[in-house]
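Read the figures in this text as sums done on the coordinates, not as results from a lab. Since the model is a prediction, treat every value here as computed from it, not as a measurement.
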Amino acid sequence: DDPISGTKRREVIRVSTDGDCVPLKWNWAATWFTAPPKFKDFFKRIYEFEVRNDDVFIVTFPKCGTTWMQEAAWLLLNNLDYEEASRAHLLKRSVYMDISMLYDPRYEDSVKLAEQLKSPRCIKSHLPPHLLPRQIWQKKVKLIYCARNPKDVLISFSHFIRGKGAYQGNEEDFLNDFLNANLTYTPFWPHVFTMWQMRTEPNVFFVTFEEMKRNLRGVLERLNVFLEKPALTEEQLEKLLKHLSFENMKANHQTNPTEIIKGSGQRTVATDFEFMRRGIVGSYKDELSERNQRRINDWSEQFLSQFNVSETDIF
Ligand code: A3P
C-alpha cells in the first residue's frame with residue numbers, strides 16, 4: 001500500500017502538462033512524471049498555488065541535499081535566527097509542499113501548511129519545473145535548485161526508501177525502477193537537466209551537492225547575494241559553516257529527521273535507518289558494483305548526448 005513503489009506499477013500514475021509557463025523550450029508533454037495516484041488530488045492545488053513575491057522555493061530531485069540546502073537557505077533568509085532554528089524542526093520552518101501526496105493521515109495537508117507559513121516562506125518541493133506552482137515562473141520568484149550525481153542519488157534514495165520500509169524489492173529492483181522511471185519523482189534526468197539548462201535565469205540559483213561539498217563557503221556567499229541579504233561577516237560565516245557541517249546537522253534534532261521517521265509508526269523502519277547516512281561524494285564507489293556503475297553511466301550518456309553535454313559539465 002505504498003505509493004513509492006515500482007514493483008506495484010498500478011499504484012503509480014504518469015502525469016504531464018504542456019509546461020507553457022516554464023521559460024525554456026522543452027517537450028514537457030512528452031516527459032512523463034511518475035507520481036502516486038493521490039497526486040491527482042494535489043496537482044491542481046499545487047499548480048495554481050498562490051505564490052508571494054518574497055517566497056523562496058527549494059526544489060530538488062530526492063536525496064540531492066535538500067535538507068542541507070533548506071537549513072542554509074532558511075537561516076540566511078531569516079537573518080541567522082539560530083534561536084528559532086533551535087525551537088522548531090526544519091520540517092515545520094520549511095514546509096515540503098507535495099508530501100501529502102505520498103502519505104495519508106500522518107501529516108497535515110502539506111499544501112495548506114505551505115499556504116499558512118509566514119513570510120518569507122521557504123518552501124520545499126521535489127516536483128519538476130513544469131508541475132511546480134506556475135506563478136513561480138510568472139512572478140519570477142526565487143527558486144533554489146540543488147542537483148547531485150545520479151549514482152550517489154540512487155544509493156542514497158535506495159537506502160532511504162528501502163530503509164524506511166517503503167519499497168519491497170531489493171537493491172537491483174530499485175536500480176531498475178530508477179532507470180525505468182517507475183519511482184515517484186522520476187525520471188531523474190529531465191528533472192535535473194532542464195533546471196541546469198535554466199541555471200542562468202535570474203530567479204534561479206542552481207547548485208550541486210558536489211559544489212556544496214567542495215566549497216560550501218563560496219556557495220553560501222553566492223546564495224546570500226541571490227537572497228539579497230547583507231554581506232556576512234567572517235564570524236557569521238564561520239558559525240554558519242560549523243552549523244551546517246554533516247556532523248552537526250546529524251546531531252541536531254531540529255535538522256535530522258531520523259527520529260521522526262522512525263517514530264512515525266506507519267511502517268517497519270529498519271533499526272539502523274539513518275537519514276544523515278554518509279554525506280559524501282562518491283558513496284557509489286564502494287556501494288555499487290562496477291557493472292551497475294556502467295549501467296548508470298550509459299543511461300546518463302544516452303540522455304545527455306542528445307544535448308552534447310556530459311555529466312562532468314554539470315557536477
Ligand atoms: P547520503 O544518503 O548519501 O548520506 P535529501 O535531504 O535531499 O534527502 O538528501 C539527503 C542526503 O544529503 C543524504 O546523503 C544526507 O546524508 C546528505 N546530507 C544531509 N545533510 C548534509 C550535510 N550537512 N552535509 C553533507 N551531506 C548532508
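Where both partners of a DSSP beta bridge lie in the chain, what percent of those bridges are antiparallel, to the nearest 5? Of those bridges, close to 15 percent are antiparallel. Here residue 213 is the anchor, and the aspartates and glutamates within straight C-alpha reach of less than 14 Å, apart from those fewer than 8 places off in the same chain, are 152, 247. In sequence order, region 93-103 has phi-based couplings of 6, 10, 6, 8, 5, 9, 5, 5, 6, 8, 10 Hz under the Karplus curve 6.51 cos²θ - 1.76 cosθ + 1.60, θ = phi - 60°, and Gly or Pro positions carry x.
Ignoring aspartates and glutamates fewer than eight residues from residue 25 along the same chain, the ones with Cα atoms less than 17 angstrom from its Cα are 201. Tell me which aspartates and glutamates have Cα within less than 12 Å of residue 151's Cα, excluding those fewer than 8 residues away on the same chain? Within reach: 286, 287, 290, 298, 311. From the helices alone, meaning DSSP H stretches of at least four residues, give me the mean residue ellipticity at 222 nm for the chain, per-run term -39500 (n - 2.57), in deg cm²/dmol to the nearest 500. So the helix-based figure for the chain works out to -11500 deg cm²/dmol.
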